[in-house]
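The values are calculated or read from the model by the stated rules, or taken from the named source; none is laboratory data. Everything numeric here is computed off the predicted structure, so don't read it as measured data. With ideal geometry, Cβ positions are generated from the backbone for all residues, glycine too; neighbour counts draw on all protein chains shown. For accessibility, only protein heavy atoms count, side chains too; no ligands or nucleic acids. Shrake-Rupley method; radii C 1.70, N 1.55, O 1.52, S 1.80 Å.
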Amino acid sequence: MSMLEVRNLSKSFGSNKVLKDISFEVEKGQVVAVIGPSGSGKSTMLRCINQLEKADGGTVNVCGMSMFTAGENGGAVYAPAKTLREIRLKVGLVFQNFNLFPHFNVLRNITEAPVRVLKMNRKDAEEKGMELLKKMGLSDKAKSYPFELSGGQQQRVSIARALALSPEILFFDEPTSALDPELTGEILKVIKELAEEKMTMVIVTHEMAFARDVANHVIFMDGGVIIEEGTPDEVFGNTSNERTKQFLQRFLE
Amino acid sequence: MSGKEILDVTLILLEYLVPTLKLFFFTLLFSIPLGMVVALLKMCKFKPVSWLTNIYILIMRGTPLMLQIIAIYYAIPYLKISENLPVFLKNILDGIDIQGDAFMFRAVLTAFVLNYAAYFAEIFRGGIESIPKGQYEASEALGFTKIQTFFHIILPQVIKRIVPASSNEVVILVKDTSLANIVAYAEITLKAKQQMQIYSSLTPLFIAGAFYFVISMVMTVVFTFIEKKLNYYR
(Lines give C-alpha, C1' and ligand atoms only; values in the text may rest on other atoms or scores of the structure.)
Protein backbone atom coordinates (compact mmCIF):
# COMPACT_ATOMS: atom_id res chain seq x y z
CA MET A 1 0.00 0.00 0.00
CA SER A 2 1.39 3.40 -0.77
CA MET A 3 1.58 5.63 2.29
CA LEU A 4 1.92 8.81 0.32
CA GLU A 5 0.72 9.53 -3.14
CA VAL A 6 1.50 12.85 -4.78
CA ARG A 7 0.09 13.63 -8.21
CA ASN A 8 0.83 16.77 -10.22
CA LEU A 9 1.46 18.85 -7.14
CA SER A 10 1.99 22.48 -8.08
CA LYS A 11 2.64 25.60 -6.09
CA SER A 12 3.47 29.21 -6.95
CA PHE A 13 4.55 32.17 -4.89
CA GLY A 14 3.19 35.06 -6.91
CA SER A 15 4.35 34.52 -10.47
CA ASN A 16 7.16 32.25 -9.34
CA LYS A 17 6.28 28.61 -10.03
CA VAL A 18 8.08 26.73 -7.28
CA LEU A 19 6.58 23.29 -7.88
CA LYS A 20 5.59 22.12 -11.33
CA ASP A 21 3.56 18.93 -11.52
CA ILE A 22 5.43 16.93 -8.91
CA SER A 23 4.39 13.26 -8.79
CA PHE A 24 5.78 10.47 -6.68
CA GLU A 25 4.79 7.72 -4.28
CA VAL A 26 6.13 6.47 -0.99
CA GLU A 27 5.57 2.86 0.06
CA LYS A 28 5.27 1.63 3.63
CA GLY A 29 8.70 1.21 5.21
CA GLN A 30 10.42 3.10 2.44
CA VAL A 31 13.08 5.71 3.14
CA VAL A 32 13.03 8.37 0.46
CA ALA A 33 15.80 10.94 0.16
CA VAL A 34 15.01 14.14 -1.70
CA ILE A 35 18.12 15.86 -3.00
CA GLY A 36 18.72 18.87 -5.20
CA PRO A 37 20.18 22.36 -5.21
CA SER A 38 18.87 25.15 -2.99
CA GLY A 39 15.70 26.71 -4.32
CA SER A 40 14.70 23.59 -6.20
CA GLY A 41 11.42 23.35 -4.28
CA LYS A 42 12.29 20.43 -1.99
CA SER A 43 11.28 22.17 1.21
CA THR A 44 8.17 23.72 -0.33
CA MET A 45 7.06 20.27 -1.43
CA LEU A 46 7.49 18.99 2.12
CA ARG A 47 5.63 21.98 3.52
CA CYS A 48 2.71 21.44 1.13
CA ILE A 49 2.41 17.81 2.20
CA ASN A 50 2.56 18.89 5.85
CA GLN A 51 -0.13 21.54 5.36
CA LEU A 52 2.19 24.41 6.18
CA GLU A 53 1.70 25.78 2.67
CA LYS A 54 -1.44 25.67 0.57
CA ALA A 55 -0.93 23.84 -2.72
CA ASP A 56 -2.24 25.41 -5.93
CA GLY A 57 -3.10 22.21 -7.67
CA GLY A 58 -2.72 18.46 -7.84
CA THR A 59 -3.68 15.58 -5.60
CA VAL A 60 -2.18 14.32 -2.36
CA ASN A 61 -3.25 11.16 -0.55
CA VAL A 62 -1.82 10.24 2.83
CA CYS A 63 -2.44 6.73 4.23
CA GLY A 64 -5.38 6.31 1.90
CA MET A 65 -6.97 9.60 2.94
CA SER A 66 -7.34 12.36 0.40
CA MET A 67 -5.82 15.62 1.57
CA PHE A 68 -6.71 17.55 -1.55
CA THR A 69 -7.68 16.81 -5.11
CA ALA A 70 -7.39 18.77 -8.32
CA GLY A 71 -10.42 20.99 -8.77
CA GLU A 72 -12.29 21.31 -12.04
CA ASN A 73 -10.64 24.58 -12.91
CA GLY A 74 -7.19 23.62 -11.79
CA GLY A 75 -6.98 24.63 -8.10
CA ALA A 76 -6.55 22.30 -5.17
CA VAL A 77 -9.76 21.33 -3.37
CA TYR A 78 -8.93 20.50 0.24
CA ALA A 79 -10.68 17.86 2.32
CA PRO A 80 -12.88 18.97 5.25
CA ALA A 81 -11.05 20.24 8.33
CA LYS A 82 -11.73 17.02 10.24
CA THR A 83 -9.98 14.91 7.62
CA LEU A 84 -7.09 17.36 7.39
CA ARG A 85 -6.66 17.06 11.14
CA GLU A 86 -6.66 13.27 10.93
CA ILE A 87 -4.03 13.41 8.22
CA ARG A 88 -1.99 15.83 10.29
CA LEU A 89 -1.74 13.25 13.07
CA LYS A 90 -0.54 10.59 10.62
CA VAL A 91 2.49 12.61 9.61
CA GLY A 92 5.33 14.03 11.62
CA LEU A 93 7.72 16.76 10.65
CA VAL A 94 11.25 17.48 11.84
CA PHE A 95 12.44 21.00 11.09
CA GLN A 96 15.82 22.26 10.03
CA ASN A 97 16.14 24.53 13.06
CA PHE A 98 14.37 22.20 15.52
CA ASN A 99 11.67 24.67 16.64
CA LEU A 100 11.57 23.23 20.14
CA PHE A 101 9.44 25.08 22.67
CA PRO A 102 12.00 27.02 24.74
CA HIS A 103 9.73 27.43 27.79
CA PHE A 104 9.15 23.69 28.25
CA ASN A 105 11.76 21.25 29.46
CA VAL A 106 12.77 18.40 27.18
CA LEU A 107 10.21 15.92 28.48
CA ARG A 108 7.39 18.48 28.34
CA ASN A 109 8.36 19.31 24.75
CA ILE A 110 7.69 15.68 23.92
CA THR A 111 4.58 15.12 26.05
CA GLU A 112 2.70 18.36 25.37
CA ALA A 113 1.20 17.28 22.05
CA PRO A 114 0.18 13.76 23.17
CA VAL A 115 -1.49 15.31 26.24
CA ARG A 116 -3.23 18.23 24.55
CA VAL A 117 -3.87 16.83 21.09
CA LEU A 118 -4.33 13.10 21.67
CA LYS A 119 -5.75 13.66 25.20
CA MET A 120 -3.35 11.05 26.55
CA ASN A 121 -3.02 11.16 30.33
CA ARG A 122 0.14 12.90 31.43
CA LYS A 123 1.63 9.91 33.21
CA ASP A 124 1.36 7.65 30.15
CA ALA A 125 2.69 10.39 27.92
CA GLU A 126 5.68 10.86 30.21
CA GLU A 127 6.37 7.14 30.24
CA LYS A 128 6.36 7.11 26.46
CA GLY A 129 8.42 10.29 26.38
CA MET A 130 11.08 8.75 28.60
CA GLU A 131 11.17 5.69 26.36
CA LEU A 132 11.72 7.89 23.32
CA LEU A 133 14.42 9.85 25.12
CA LYS A 134 16.16 6.62 26.00
CA LYS A 135 16.07 5.65 22.36
CA MET A 136 17.61 9.00 21.47
CA GLY A 137 20.30 8.54 24.12
CA LEU A 138 19.03 11.52 26.10
CA SER A 139 17.52 9.93 29.22
CA ASP A 140 19.58 12.22 31.44
CA LYS A 141 18.30 15.35 29.71
CA ALA A 142 14.57 15.00 30.47
CA LYS A 143 14.56 17.94 32.88
CA SER A 144 16.90 20.16 30.87
CA TYR A 145 15.68 23.10 28.85
CA PRO A 146 16.37 23.32 25.10
CA PHE A 147 18.88 26.16 25.50
CA GLU A 148 21.03 23.89 27.64
CA LEU A 149 21.42 21.33 24.85
CA SER A 150 23.71 21.18 21.84
CA GLY A 151 22.18 21.49 18.38
CA GLY A 152 22.45 17.75 17.84
CA GLN A 153 20.71 17.03 21.13
CA GLN A 154 17.98 19.55 20.33
CA GLN A 155 17.37 17.90 16.99
CA ARG A 156 17.12 14.49 18.65
CA VAL A 157 14.55 15.90 21.06
CA SER A 158 12.58 17.26 18.13
CA ILE A 159 12.65 13.82 16.49
CA ALA A 160 11.38 12.31 19.74
CA ARG A 161 8.69 15.00 19.86
CA ALA A 162 7.50 14.05 16.37
CA LEU A 163 7.61 10.33 17.20
CA ALA A 164 5.53 10.84 20.36
CA LEU A 165 2.42 11.18 18.20
CA SER A 166 3.22 7.80 16.55
CA PRO A 167 3.11 9.10 12.99
CA GLU A 168 2.83 6.75 10.02
CA ILE A 169 5.28 8.84 8.00
CA LEU A 170 8.03 11.04 9.30
CA PHE A 171 9.28 13.97 7.22
CA PHE A 172 12.65 15.63 7.71
CA ASP A 173 13.34 19.08 6.32
CA GLU A 174 17.14 19.29 6.08
CA PRO A 175 17.55 17.91 9.62
CA THR A 176 21.31 18.45 9.74
CA SER A 177 21.69 21.74 7.87
CA ALA A 178 21.79 23.84 11.05
CA LEU A 179 24.38 21.57 12.68
CA ASP A 180 28.13 21.55 12.47
CA PRO A 181 29.64 18.45 10.83
CA GLU A 182 30.55 16.87 14.15
CA LEU A 183 26.95 16.89 15.33
CA THR A 184 25.52 15.80 11.99
CA GLY A 185 26.60 12.22 12.60
CA GLU A 186 24.47 11.74 15.69
CA ILE A 187 21.31 12.75 13.83
CA LEU A 188 22.12 10.53 10.86
CA LYS A 189 22.66 7.64 13.26
CA VAL A 190 19.20 8.16 14.77
CA ILE A 191 17.58 8.29 11.33
CA LYS A 192 19.45 5.14 10.35
CA GLU A 193 18.10 3.36 13.42
CA LEU A 194 14.58 4.45 12.53
CA ALA A 195 15.13 3.14 9.00
CA GLU A 196 16.13 -0.24 10.44
CA GLU A 197 12.84 -0.28 12.35
CA LYS A 198 11.05 0.19 9.00
CA MET A 199 9.81 3.66 9.79
CA THR A 200 8.48 5.30 6.64
CA MET A 201 10.50 8.47 6.07
CA VAL A 202 10.94 11.23 3.55
CA ILE A 203 14.17 13.14 4.07
CA VAL A 204 15.13 16.36 2.33
CA THR A 205 18.88 16.47 2.69
CA HIS A 206 22.19 17.75 1.40
CA GLU A 207 24.05 14.81 2.91
CA MET A 208 24.71 12.81 -0.25
CA ALA A 209 26.66 9.98 1.35
CA PHE A 210 23.88 9.56 3.86
CA ALA A 211 21.19 9.60 1.17
CA ARG A 212 23.04 6.88 -0.68
CA ASP A 213 23.55 4.70 2.38
CA VAL A 214 20.21 4.96 4.13
CA ALA A 215 17.58 5.71 1.48
CA ASN A 216 16.11 3.01 -0.67
CA HIS A 217 14.70 5.56 -3.06
CA VAL A 218 16.23 8.85 -4.17
CA ILE A 219 14.44 11.78 -5.78
CA PHE A 220 16.49 14.49 -7.48
CA MET A 221 14.70 17.80 -7.87
CA ASP A 222 15.69 20.95 -9.69
CA GLY A 223 13.72 24.01 -10.76
CA GLY A 224 10.48 22.72 -9.25
CA VAL A 225 10.42 19.42 -11.13
CA ILE A 226 11.62 15.91 -10.39
CA ILE A 227 14.53 15.43 -12.77
CA GLU A 228 15.19 11.85 -11.87
CA GLU A 229 14.25 9.23 -9.31
CA GLY A 230 15.32 5.70 -8.58
CA THR A 231 17.34 3.53 -6.26
CA PRO A 232 20.49 5.10 -4.80
CA ASP A 233 22.54 2.96 -7.18
CA GLU A 234 20.64 4.25 -10.17
CA VAL A 235 20.89 7.90 -9.19
CA PHE A 236 24.34 7.97 -7.63
CA GLY A 237 25.88 5.06 -9.48
CA ASN A 238 25.18 5.38 -13.13
CA THR A 239 22.85 8.19 -13.94
CA SER A 240 22.58 9.06 -17.58
CA ASN A 241 20.94 12.39 -16.83
CA GLU A 242 23.24 15.33 -17.52
CA ARG A 243 21.71 17.62 -14.84
CA THR A 244 22.01 14.93 -12.18
CA LYS A 245 25.59 14.24 -13.19
CA GLN A 246 26.38 17.92 -12.98
CA PHE A 247 24.81 18.24 -9.52
CA LEU A 248 26.52 15.13 -8.18
CA GLN A 249 29.84 15.88 -9.80
CA ARG A 250 31.54 17.27 -6.75
CA PHE A 251 30.21 14.50 -4.59
CA LEU A 252 31.16 11.69 -6.93
CA GLU A 253 34.70 12.83 -7.49
CA MET B 1 8.81 73.17 59.38
CA SER B 2 9.04 71.62 62.82
CA GLY B 3 9.28 67.88 63.39
CA LYS B 4 5.66 67.73 64.54
CA GLU B 5 4.46 69.59 61.46
CA ILE B 6 6.38 67.24 59.22
CA LEU B 7 4.78 64.27 60.97
CA ASP B 8 1.31 65.84 60.58
CA VAL B 9 1.85 66.48 56.88
CA THR B 10 3.21 62.96 56.38
CA LEU B 11 0.10 61.47 58.01
CA ILE B 12 -2.21 63.59 55.88
CA LEU B 13 -0.34 62.61 52.73
CA LEU B 14 -0.34 58.97 53.78
CA GLU B 15 -4.13 59.15 53.88
CA TYR B 16 -4.18 60.45 50.30
CA LEU B 17 -1.89 57.70 49.19
CA VAL B 18 -5.02 55.53 49.15
CA PRO B 19 -6.73 57.30 46.19
CA THR B 20 -3.38 57.36 44.40
CA LEU B 21 -2.90 53.61 44.81
CA LYS B 22 -6.55 52.98 43.99
CA LEU B 23 -6.13 54.77 40.66
CA PHE B 24 -2.85 52.92 40.06
CA PHE B 25 -4.21 49.42 40.68
CA PHE B 26 -7.52 49.86 38.87
CA THR B 27 -5.71 51.30 35.85
CA LEU B 28 -3.50 48.20 35.69
CA LEU B 29 -6.43 45.89 36.34
CA PHE B 30 -8.39 47.18 33.34
CA SER B 31 -5.73 48.44 30.95
CA ILE B 32 -3.72 45.20 30.77
CA PRO B 33 -6.59 42.98 29.53
CA LEU B 34 -7.90 45.83 27.36
CA GLY B 35 -4.39 46.26 25.95
CA MET B 36 -4.33 42.58 25.05
CA VAL B 37 -7.62 42.94 23.18
CA VAL B 38 -6.40 46.10 21.43
CA ALA B 39 -3.17 44.34 20.40
CA LEU B 40 -5.14 41.46 18.89
CA LEU B 41 -7.48 43.91 17.12
CA LYS B 42 -4.53 45.76 15.64
CA MET B 43 -3.16 42.47 14.31
CA CYS B 44 -6.59 41.57 12.90
CA LYS B 45 -6.37 40.52 9.25
CA PHE B 46 -9.58 42.43 8.45
CA LYS B 47 -7.95 45.75 7.56
CA PRO B 48 -10.66 48.28 8.64
CA VAL B 49 -10.53 46.89 12.20
CA SER B 50 -6.75 47.13 12.21
CA TRP B 51 -6.83 50.70 10.89
CA LEU B 52 -9.45 51.92 13.39
CA THR B 53 -7.47 50.35 16.21
CA ASN B 54 -4.35 52.03 14.94
CA ILE B 55 -6.06 55.43 14.88
CA TYR B 56 -7.11 54.90 18.50
CA ILE B 57 -3.54 54.00 19.48
CA LEU B 58 -2.11 56.98 17.58
CA ILE B 59 -4.44 59.44 19.32
CA MET B 60 -3.85 57.97 22.77
CA ARG B 61 -0.09 57.97 22.37
CA GLY B 62 0.10 61.19 20.41
CA THR B 63 -1.74 63.50 22.82
CA PRO B 64 -0.99 64.29 26.47
CA LEU B 65 -2.64 62.14 29.11
CA MET B 66 -3.43 65.33 31.02
CA LEU B 67 -5.45 66.64 28.08
CA GLN B 68 -7.28 63.32 27.86
CA ILE B 69 -8.16 63.43 31.55
CA ILE B 70 -9.61 66.95 31.19
CA ALA B 71 -11.48 66.04 28.00
CA ILE B 72 -13.12 62.94 29.44
CA TYR B 73 -13.93 64.60 32.77
CA TYR B 74 -15.68 67.56 31.14
CA ALA B 75 -17.15 65.70 28.17
CA ILE B 76 -20.24 64.42 29.94
CA PRO B 77 -21.22 67.67 31.70
CA TYR B 78 -20.82 69.54 28.41
CA LEU B 79 -22.83 66.98 26.49
CA LYS B 80 -25.53 67.20 29.15
CA ILE B 81 -26.10 70.90 28.46
CA SER B 82 -25.90 70.62 24.69
CA GLU B 83 -29.39 70.78 23.16
CA ASN B 84 -29.36 69.08 19.78
CA LEU B 85 -28.66 65.53 20.88
CA PRO B 86 -30.66 62.43 19.94
CA VAL B 87 -33.21 61.54 22.61
CA PHE B 88 -31.76 58.15 23.47
CA LEU B 89 -28.35 59.74 24.10
CA LYS B 90 -29.96 62.41 26.25
CA ASN B 91 -31.67 59.70 28.30
CA ILE B 92 -28.39 57.94 28.89
CA LEU B 93 -26.64 61.18 29.85
CA ASP B 94 -29.48 62.13 32.20
CA GLY B 95 -28.87 58.86 34.03
CA ILE B 96 -25.27 59.83 34.82
CA ASP B 97 -24.76 61.66 38.07
CA ILE B 98 -21.89 64.09 37.53
CA GLN B 99 -21.79 65.23 41.12
CA GLY B 100 -19.49 63.65 43.61
CA ASP B 101 -16.27 61.73 43.93
CA ALA B 102 -17.55 58.52 42.35
CA PHE B 103 -18.07 60.25 39.00
CA MET B 104 -14.70 61.94 39.23
CA PHE B 105 -12.93 58.65 39.94
CA ARG B 106 -14.69 56.91 37.07
CA ALA B 107 -13.89 59.70 34.61
CA VAL B 108 -10.23 59.84 35.61
CA LEU B 109 -9.92 56.05 35.61
CA THR B 110 -11.48 55.89 32.12
CA ALA B 111 -8.86 58.30 30.78
CA PHE B 112 -6.01 56.35 32.40
CA VAL B 113 -7.30 52.97 31.22
CA LEU B 114 -7.83 54.15 27.62
CA ASN B 115 -4.38 55.74 27.55
CA TYR B 116 -2.44 52.90 29.15
CA ALA B 117 -4.26 50.22 27.14
CA ALA B 118 -2.80 51.85 24.01
CA TYR B 119 0.73 51.64 25.39
CA PHE B 120 0.30 48.09 26.67
CA ALA B 121 -1.21 47.09 23.33
CA GLU B 122 1.95 48.14 21.52
CA ILE B 123 4.10 46.25 24.02
CA PHE B 124 1.97 43.11 23.66
CA ARG B 125 1.93 43.36 19.88
CA GLY B 126 5.70 43.72 19.78
CA GLY B 127 5.98 40.67 22.03
CA ILE B 128 3.62 38.54 19.98
CA GLU B 129 5.28 39.50 16.71
CA SER B 130 8.74 38.73 18.07
CA ILE B 131 7.90 35.04 18.48
CA PRO B 132 9.54 33.15 15.61
CA LYS B 133 7.29 31.71 12.91
CA GLY B 134 8.80 28.30 13.61
CA GLN B 135 6.95 28.15 16.94
CA TYR B 136 3.61 28.42 15.14
CA GLU B 137 4.67 25.93 12.47
CA ALA B 138 5.89 23.39 15.00
CA SER B 139 2.62 23.74 16.93
CA GLU B 140 0.63 23.34 13.74
CA ALA B 141 2.62 20.28 12.67
CA LEU B 142 2.00 18.71 16.08
CA GLY B 143 -1.74 19.20 15.73
CA PHE B 144 -2.35 21.92 18.33
CA THR B 145 -5.44 24.04 17.69
CA LYS B 146 -4.96 27.78 17.16
CA ILE B 147 -6.26 28.50 20.67
CA GLN B 148 -3.98 25.89 22.28
CA THR B 149 -1.05 27.32 20.35
CA PHE B 150 -1.76 30.83 21.57
CA PHE B 151 -2.31 30.01 25.23
CA HIS B 152 0.23 27.23 25.78
CA ILE B 153 3.02 27.98 23.33
CA ILE B 154 2.95 31.64 22.33
CA LEU B 155 1.58 33.57 25.34
CA PRO B 156 4.02 32.16 27.94
CA GLN B 157 6.92 33.21 25.73
CA VAL B 158 5.34 36.61 25.07
CA ILE B 159 4.99 37.28 28.81
CA LYS B 160 8.68 36.65 29.36
CA ARG B 161 9.60 39.02 26.57
CA ILE B 162 7.32 41.88 27.63
CA VAL B 163 8.20 41.96 31.32
CA PRO B 164 11.01 44.56 30.98
CA ALA B 165 8.92 46.93 28.84
CA SER B 166 5.85 46.46 31.05
CA SER B 167 7.91 47.16 34.13
CA ASN B 168 8.86 50.49 32.62
CA GLU B 169 5.23 51.31 31.89
CA VAL B 170 4.13 50.42 35.42
CA VAL B 171 6.79 52.62 37.01
CA ILE B 172 5.72 55.51 34.77
CA LEU B 173 2.11 54.94 35.81
CA VAL B 174 3.03 55.31 39.50
CA LYS B 175 4.07 58.87 38.78
CA ASP B 176 1.46 59.59 36.09
CA THR B 177 -1.30 59.21 38.69
CA SER B 178 -0.29 62.70 39.84
CA LEU B 179 -1.78 64.09 36.61
CA ALA B 180 -5.23 63.40 38.03
CA ASN B 181 -4.82 66.47 40.27
CA ILE B 182 -5.63 68.61 37.23
CA VAL B 183 -9.36 67.91 37.70
CA ALA B 184 -8.99 68.11 41.49
CA TYR B 185 -8.97 64.36 42.06
CA ALA B 186 -7.93 64.28 45.68
CA GLU B 187 -4.68 62.35 45.50
CA ILE B 188 -1.30 62.84 47.04
CA THR B 189 0.08 65.53 44.72
CA LEU B 190 -3.03 67.69 45.11
CA LYS B 191 -2.77 67.43 48.89
CA ALA B 192 0.95 68.11 48.88
CA LYS B 193 0.35 71.29 46.91
CA GLN B 194 -2.28 72.42 49.43
CA GLN B 195 0.03 71.66 52.36
CA MET B 196 2.82 73.52 50.63
CA GLN B 197 0.62 76.63 50.53
CA ILE B 198 -0.55 76.20 54.13
CA TYR B 199 2.99 75.95 55.51
CA SER B 200 4.70 78.10 52.85
CA SER B 201 7.23 75.31 52.60
CA LEU B 202 8.45 72.91 49.94
CA THR B 203 8.76 70.09 52.47
CA PRO B 204 5.31 68.58 51.69
CA LEU B 205 6.39 68.22 48.05
CA PHE B 206 9.53 66.37 49.12
CA ILE B 207 7.47 64.05 51.30
CA ALA B 208 5.10 63.37 48.40
CA GLY B 209 8.13 62.75 46.18
CA ALA B 210 9.46 60.25 48.70
CA PHE B 211 6.17 58.35 48.58
CA TYR B 212 6.31 58.08 44.78
CA PHE B 213 9.94 57.05 44.99
CA VAL B 214 9.21 54.24 47.44
CA ILE B 215 6.30 52.88 45.38
CA SER B 216 8.42 53.00 42.23
CA MET B 217 11.20 51.13 44.00
CA VAL B 218 8.78 48.47 45.26
CA MET B 219 7.47 48.01 41.70
CA THR B 220 10.99 47.76 40.33
CA VAL B 221 11.86 45.10 42.89
CA VAL B 222 8.68 43.17 42.09
CA PHE B 223 9.44 43.18 38.37
CA THR B 224 13.09 42.27 38.85
CA PHE B 225 11.85 39.29 40.84
CA ILE B 226 9.42 38.29 38.08
CA GLU B 227 12.17 38.67 35.49
CA LYS B 228 14.46 36.42 37.50
CA LYS B 229 11.66 33.88 37.94
CA LEU B 230 11.16 33.73 34.18
CA ASN B 231 14.86 33.35 33.54
CA TYR B 232 14.79 29.58 33.78
CA TYR B 233 14.81 29.39 29.99
CA ARG B 234 16.16 31.46 27.16
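Let me confirm one metric for peptide A:227-240, namely the mean number of other chain beta-carbon atoms within 10 Å of its residues' beta-carbons.
Working: counts 0, 0, 0, 0, 0, 0, 0, 0, 0, 0, 0, 0, 0, 0.
So the per-residue partner count for this stretch is 0.
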Next item on the list: Would you calculate a helix-derived [θ] at 222 nm for the protein assembly as shown, using -39,500 (n - 2.57) for each DSSP H run of n ≥ 4 and dividing by the full residue count, to the nearest 500?
Entry: -18000 deg cm²/dmol
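Quick check: residue separation of B:T220 and B:K22 times 0.36 nm, minus the Cα distance between them. What number comes out in nm?
Details: separation 198, 0.36 × 198 = 71.28 nm, distance 1.87 nm.
Answer, rounded to one decimal: 69.4 nm.
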Check: Where nothing but the Cβ of Lys and Arg (+1) and of Asp and Glu (-1) is charged, how large is the charge dipole of the protein assembly as shown around its Cα centre, in debye to the nearest 20?
Finding: 1000 debye
Check: What whole number of Å gives the distance from the Cα centroid of region A:88-125 to the Cα centroid of region B:49-120?
Finding: 47 Å
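Quick one: accessible area per residue over chain B, 1.4 Å probe, rounded to a whole number of Å²? Don't skip to the end; give the middle numbers.
Numbers: 12820 Å² over 234 residues.
Heavy-atom accessible area per residue stands at 55 Å².
Taking all protein chains in place and a 1.4 Å probe, what share, in percent, of the accessible surface of the protein assembly as shown do carbon and sulfur account for? The partial results should precede the final answer.
Numbers: 14050 of 23800 Å².
Answer for the protein assembly as shown: carbon and sulfur cover 59 percent of the accessible area.
Looking at region A:64-210, what % of the alpha carbon pairs are farther apart than 21 Å?
Working: 5004 of 10731 pairs.
So the pairs more than 21 Å apart make up 47 percent of the total in region A:64-210.
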Note to self: Accessible area per residue for region A:2-252 in Å², computed with a 1.4 Å probe and the full protein assembly in place, what is it?
What the structure shows: 42 Å²
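What's the magnitude of the charge dipole for region A:169-231 around its Cα centre, counting Lys and Arg as +1 and Asp and Glu as -1 at the beta-carbon? Answer in Debye, nearest 20.
Numbers: 4 positive and 13 negative charges, 38 e Å.
So the dipole magnitude of region A:169-231 works out to roughly 180 debye.
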Next item on the list: Taking a probe of 1.4 Å and counting only protein heavy atoms, give the total accessible area buried between chains B and A in Å², rounded to the nearest 100.
Entry: 2100 Å²
Notebook entry, point to check: How about region B:100-145: which of its residues lose at least 40 Å² of accessible area in the presence of all protein chains relative to their chain isolated, using a 1.4 Å probe?
Noted result: B:Q135, B:E137, B:A138, B:E140, B:A141, B:L142, B:G143, B:F144
Notebook entry, point to check: Considering the dipole of the protein assembly as shown built from charges on the beta carbon (Lys and Arg +1, Asp and Glu -1) around the Cα centre, which of A:V94, A:A160, B:T189 is farthest to its positive end?
Noted result: B:T189
Check: Rg(Cα) of chain A divided by 2.2 N^0.38 Å?
Finding: 1.02
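Sorted from largest to smallest, which semi-axis lengths in Å does the alpha carbon gyration tensor of chain B give for its equivalent ellipsoid, taking the root of 5 times each eigenvalue? Please report the intermediate quantities before stating the final value.
Details: eigenvalues 286, 156, 29 Å².
Gyration-tensor ellipsoid for chain B: 38, 28, 12 Å.
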Check: On a 0 to 90 degree scale, rounded to 10, what angle separates helix B:17-42 from the longest Cα axis of chain B?
Finding: 30 degrees
Notebook entry, point to check: Distance in nm between label sites at B:S130 and A:E182, each 7 Å beyond Cα in the beta-carbon direction?
Noted result: 3.2 nm
Check: Hey, if you drop one equal point scatterer on each alpha-carbon of the protein assembly as shown and run the Debye formula without solvent, what base-10 log of I(q)/I(0) do you get at q = 0.07, 0.09, 0.13 Å⁻¹?
Finding: -0.57, -0.78, -1.17
Checklist line | For region B:107-234, convex hull volume per residue from C-alpha positions, Å³ | finding: 108 Å³
Notebook entry, point to check: Using 7 Å Cα-to-Cβ label points, what is the B:I198/A:S23 separation (nm, one decimal)?
Noted result: 9.3 nm
Check: Which aspartates and glutamates, on any chain, are close to A:K123 with Cα under 19 Å apart, when same-chain ones fewer than 8 places away are left out?
Finding: A:E112, A:E131, A:D140
Margin query: I need the GluC sites (Glu not before Pro) found in region A:152-240, filtered to DSSP loop residues with at most 11 other beta carbons within 10 Å of theirs.
Written below: A:E197
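As a test of reading the structure, rank A:F98, B:F151, A:F13 by solvent-accessible area (1.4 Å probe, protein chains only), most first.
On the way: A:F98 25, B:F151 120, A:F13 90 Å².
In descending accessible area the options line up as B:F151, A:F13, A:F98.
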Check: Which residue, chosen from A:F104, A:S150, A:I219, occupies the Cα position most advanced towards the positive end of the dipole of region A:99-253, where the dipole is computed from +1 (Lys, Arg) and -1 (Asp, Glu) charges on Cβ about the Cα centre?
Finding: A:F104
Next item on the list: Positive end of the charge dipole of chain B (Lys, Arg +1 and Asp, Glu -1 on Cβ, about the Cα centre): tell me which of B:I57, B:V214, B:I198 has its Cα farthest that way.
Entry: B:I57
Margin query: Rg and Dmax in Å for region B:1-116, alpha carbons only: what are they?
Written below: 19.0, 64
Margin query: Nothing charged except the Cβ atoms of Lys and Arg (+1) and of Asp and Glu (-1): what's the magnitude of the dipole of region A:2-252 about its Cα centre? Round to the nearest 20 debye.
Written below: 840 debye
Item checked: Qualifying trypsin sites (Lys or Arg not before Pro) for region B:1-77 [loop in DSSP, other Cβ within 10 Å: at most 15] -> B:K45
Margin query: Between B:I81 and B:I147, how high is the FRET efficiency from 1/(1 + (r/R0)^6) when r is the Cβ-Cβ distance and R₀ = 45 Å? Nearest 0.05.
Written below: 0.40
